[in-house]
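A short worksheet on the structure shown next.
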Amino acid sequence: MDQLVVGLTQASLWVQVPVLLLVLIPLAVLGAIVLTRAVDWLGWAGHLLASKRKKD
């Protein structure tokens, strides 16, 4: 692991940028999916609570 870090810090930008993109893009996609699922779930839970309040 240490060799990887040293290798990346000494590598040129032509190596660093694609490696960073390969790591950051999937993380950003996963973060977006988690956020949209959380917002969707909160909206769904809010809808259920609102419908229960209307029945009362």
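Every number here is computed from the coordinates shown, using simple stated rules; none is lab data. Remember, predicted model here, so these are calculated numbers, not experimental data. Reconstructed Cβ throughout: ideal geometry from the backbone, glycine too, with neighbour counts over all protein chains shown.
Can you tell me which residues in the stretch 7-48 are β-branched (Val, Ile, Thr), over 15 Å from the mean Cα position of the chain (by Cα) and surrounded by 10 or more Cβ atoms within 10 Å (Cβ to Cβ)? Answer for the stretch 7-48, where residues must be β-branched (Val, Ile, Thr), over 15 Å from the mean Cα position of the chain (by Cα) and surrounded by 10 or more Cβ atoms within 10 Å (Cβ to Cβ): Val15, Val17, Val19.
Taking residues in the stretch 1-22 that are of a type in the set (S, T, N, Q), and partners anywhere that are surrounded by 10 or more Cβ atoms within 10 Å (Cβ to Cβ), the pairs with Cβ atoms closer than 7 Å and at least 6 places apart or on different chains are Gln16/Leu8.
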